[in-house]
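Report on one structure; see the data block that follows.
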Amino acid sequence: MLSAFANTLKIPELRTRLLFTFGLLAICRMFAAVPVPGINGAALAMFFEKTAQQSGGGILGLYSLFTGGALENCAIGAMGIMPYISASIILQLLVAVVPQLGRIAREENGRQKLTQYTRYVTVGLALFQGYLMVVGFFEHPTTILRGFQGNLVTDAWLRHPFFFRLISILNLTTGTVVLMWLGEQVTQRGVGNGISLIITANIVARLPAAIERTWKMFIPGEGIESKYNFIHFLGMLAVLFVVIAGIIAVTQAQRKITVQYAKRMVGQRMVAGGQTYMPLRVNYSGVMPIIFAQAILMFPQKIFFFLGQHAGGLGTFFSHLSELLSETRGSATYYTIYSLMIFIFSFFWVATTFNEIQIADDLKKYGGYVPGMRPGKPTADFLHATMTRITLAGALFLTVIALIPQVMYSQLGIDYLVASFFGGTSMLIVVGVMLDTMRQVETHLLTRHYDGFLKKGHLRGRR
């Protein structure tokens, strides 16, 4: 593997692409440090630092993790690339349910049109989310951050609320649009998927802070006794190794469906048939079920908490419901509902994005068939049944991975930032993106007759 990293520097084109990628990612990280004008970001950063255990969890902590700390710094990249991700998800779901968009997606330049639509939706979502962030988060932080004291907006800007909102919204929207453009440039001229790499870079940027907090767990300081020992350290290393190995195995796991193509006449010549495979991924939905479950569970918990503060005699009842759905409490009710929602959204995502009827029709159109299955509806039913079985395995895997950091945080008392690197959304994204990027780098190496990251299976074929 070390020789493969050395070989990447021997190929001029690949070396240029890697340097270009790292350079743009460094620029993206600058967006997490430049504050929005008129915002006292230091006050919010100090609040997050003092209440790390409470602010680490929940959808706000997840959002902050994806922005690489830009939200805590009130930086121009506080919204990160998330509006673009939301726009991509919306367009992907609409393609599955809106016939007009489905026809556009199947056109020759359909992908370019959908990309353009995604950009427009991104700008609209960024303006809307920027307004909500400025009004709700910056101007009234005490309503969102429990225990926060003071103001984030400086007094000079409070005297001109219209101009403050206008400038802040434009700054946040511009930050998101520039990050989107940089991500597309990385995809075209660099290595890997630019948008995914930006999110990965933001997550990895929190790794030094997680290492520091891990150090303080075992060596808290002079005169303070640690409740963790060397056995706990070995246990954490074992869990980390098992989680990473499991994510790699399940991310790459596929169910290969044999597809046979018959000979057919194309124009003036006969095209030979043959046998190929249709790969069906076990973890087809990726991290989306976990994100959906966390985002949706947040709303009833916040509503019950608000009612508990203002519902009078029923306040105790609503406060109890809020605690049952609280991520920080780690109740059995929360774990049960959270697990069920991951299961439901796993199948929902597959049902909306995997169109077995269209796949069966395309196979029939191009003379392909699954051995033992008649073309058309029988093939579609077979693909549906197969995808349902492997989705069940993928949903079980996602549930276990999602619960590991929750249990470590709420039951074992481990800092949430530390626990987030032992599973959940962040680890799934980091491992998945790294695998995809290494796969692209290895393709460049093998094309130019260099050894890839895995020598076994490649040297024999070239010799």
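Read-outs throughout are calculated quantities, based only on the coordinates presented, and are distinct from any laboratory measurement. Just so you know, these numbers come straight off a predicted model, no measurement behind them. Virtual Cβ from ideal backbone geometry, glycine too; neighbours counted across all protein chains shown.
Here are some notes:
- Taking volume of the Cα convex hull per residue in Å³ as calculated from this structure, the corresponding entry among (i) 155; (ii) 136; (iii) 207 is (iii).
- Pairs of Cα atoms nearer than 8 Å and 6+ residues apart set the relative contact order; for the chain it is 18 percent.
- Peptides 77-84, 316-323 ordered by average Cβ neighbours within 10 Å, highest first: 77-84, 316-323
- Of the trypsin sites (Lys or Arg not before Pro) found in segment 133-202, those that fall in a DSSP loop while having at most 16 other beta-carbon atoms within 10 Å are 146, 159.
- More than 23 angstrom apart: percent of Cα pairs within segment 1-205: 52
- Estimated FRET transfer efficiency (residue 216, residue 111; beta-carbon r; R0 45 Å; 0.05): 0.40
- Taking Cα atoms only, the orientation of helix 194-204 departs from the longest principal axis of the chain by about 40 degrees.
- Packing around the peptides 352-360, 106-114, 420-428, taken as the average count of other Cβ atoms within 10 Å per residue, puts them in this order, highest first: 420-428, 352-360, 106-114.
- Between helix 230-252 and the chain there is an angle of about 40 degrees, using the helix long axis and the longest principal axis of the Cα atoms.
- Backbone geometry of segment 334-345 corresponds, through the Karplus equation with coefficients 6.51, -1.76 and 1.60 at θ = phi - 60°, to 3J(HN,Hα) couplings of 5, 4, 5, 5, 4, 5, 5, 5, 5, 4, 4, 6 Hz, x marking Gly and Pro.
- Degrees between helix 110-132 axis and first principal axis of the chain (Cα, 0 to 90, nearest 10): 10
- Computed over the alpha carbons of segment 329-421, Rg followed by Dmax gives 19.2, 58 Å.
- Virtual spin-label span in nm between residue 248 and residue 46, 7 Å along Cα→Cβ: 4.4
- Spin-label pair residue 162/residue 5, simplified geometry with 7 Å Cα→Cβ offset, distance in nm: 5.7
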